[in-house]
Amino acid sequence: PTSEQIAVAAKDADMEVREVEVWVRRKQRELMPSKLNKFKEAFWRLFFYTTVFTYGTTLLWQEDFFWDTMLCWVGFPDLTWAVKKSLYYYYLLEGSFYLSLMVSQFMDTKRKDFWEMFVHHIATLALIGGSWFGGCYRVGAIVMATHDISDVFLEAAKVGIYIDWKWLANCGFAGFASTWAVFRLYLFPTRVVFCALVQGSAVVHNWPAHLLHCSFLLVLQVLHIYWFTYIIKLLIKIAAGNDVDKDDRSEDETPPSSETEAKKDN
């Protein structure tokens, strides 16, 4: 709440402004997720991303279009009901998970990039749904595969932070930064975006839905570059001899302690 809102509440409750501020800070601390809850969330995501990345990579490794993206458009548009069940399950897993992330985002601790993440979830779900129903599921599968690997390392780093394993946090972040640069800043634009914008446009002939899908791919690429600025900041922090001890996108997640409050009250 703003200082004006606190002043109004203090007047209505016939209390001192300082008393209301102390109560608000204590309430905020009570509502903050504990380190154990953060650990459980990070460990669950680590398990999911590791599982789905392994599943997706094993699935796509056997497909010719995974190695030659021009083959993604052979026979376009394919009938979605003729797709292998394994690819159907891959889509189902990814789509349901990102839908849950978009919904739970409004209940999690708010971060500085809240709206950027919300746009990311919208673009991701639009690509998953649009590529499936539009018969572009081969491209969609490659999009999902190029994104999951970096999230594995990110969640591993968070787990390391929450259980105070600095080596795991630092190694996880190093893997996260490396895979982000390789998969999202290099392979994604040069293979996936190129496949959709250049190779795909020659086949679908500026189909309006295809143009919309391409725009969402570009939105994701802009977000990749934006978030890489946070990664650079953390790399500079590590180079200065500091450990990774928090998610740099987070707002202040630790409210003032009781001792600090007592000092302010005196």
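The values are calculated or read from the model by the stated rules, or taken from the named source; none is laboratory data. Keep in mind that this is a model prediction, so the values were computed, not measured. Cβ atoms come from the backbone with ideal geometry, glycine included; neighbour counts cover every protein chain shown. Keep in mind that these areas ignore ligands, DNA and RNA; they rest on the heavy atoms of the full protein, side chains included. Shrake-Rupley method; radii C 1.70, N 1.55, O 1.52, S 1.80 Å.
Rounded, prolate or oblate: which fits segment 1-150 when a ≥ b ≥ c are the square roots of the eigenvalues of the alpha-carbon gyration tensor, with rounded for a/c under 1.5 and prolate only if a/b beats b/c?
Cα axes put segment 1-150 in the prolate bin.
On a full-extension model of 0.36 nm per residue, what is the gain between Val103 and Ser178, subtracting their alpha-carbon distance, rounded to one decimal in nm?
In short, 24.1 nm is gained.
So if we plug the beta-carbon distance of Leu92 and Leu235 into 1/(1 + (r/R0)^6) with R0 = 51 Å, what FRET efficiency do we get, rounded to 0.05?
The formula returns an efficiency of 0.90 here.
How far is the Cα center of segment 79-153 from the Cα center of segment 172-211, in Å?
Centre-to-centre (Cα) distance: 15 Å.
What FRET efficiency, computed as 1/(1 + (r/R0)^6) with R0 = 51 Å and r the Cβ-Cβ distance, is obtained for Val203 and Lys35, rounded to the nearest 0.05? The partial results should precede the final answer.
Working: r = 51 Å, r/R0 = 1.00.
FRET efficiency, Val203 to Lys35: 0.50.
Less than 10 Å Cβ to Cβ from Leu101, Lys/Arg counted +1 and Asp/Glu -1: what total charge do the surrounding residues give?
0
Kindly write out, for segment 51-68 in residue order, the coupling ³J(HN,Hα) from the Karplus curve 6.51 cos²θ - 1.76 cosθ + 1.60 (θ = phi - 60°), rounded to whole Hz, with x marking Gly and Pro.
Going residue by residue, I get 5, 6, 5, 4, 5, x, 5, 4, 5, 6, 4, 8, 9, 5, 5, 5, 9, 10 Hz, with x marking Gly and Pro.
Separation between the Leu187 and Val17 pseudo-spin-labels, each 7 Å from Cα along Cα→Cβ, expressed in nm?
About 5.6 nm separates the two model spin labels.
Points 7 angstrom from Cα along the Cβ direction at Val8 and Val119: gap in nanometres?
3.1 nm
Order Trp44, Trp23, most accessible first, counting only protein heavy atoms with a 1.4 angstrom probe. Before the final figure, lay out the partial values.
Numbers: Trp44 135, Trp23 155 Å².
Largest accessible area first, the residues go Trp23, Trp44.
On the full set of protein chains, 1.4 Å probe, figure out the accessible area of Asp64 and give it in Å² to the nearest 10.
110 Å²
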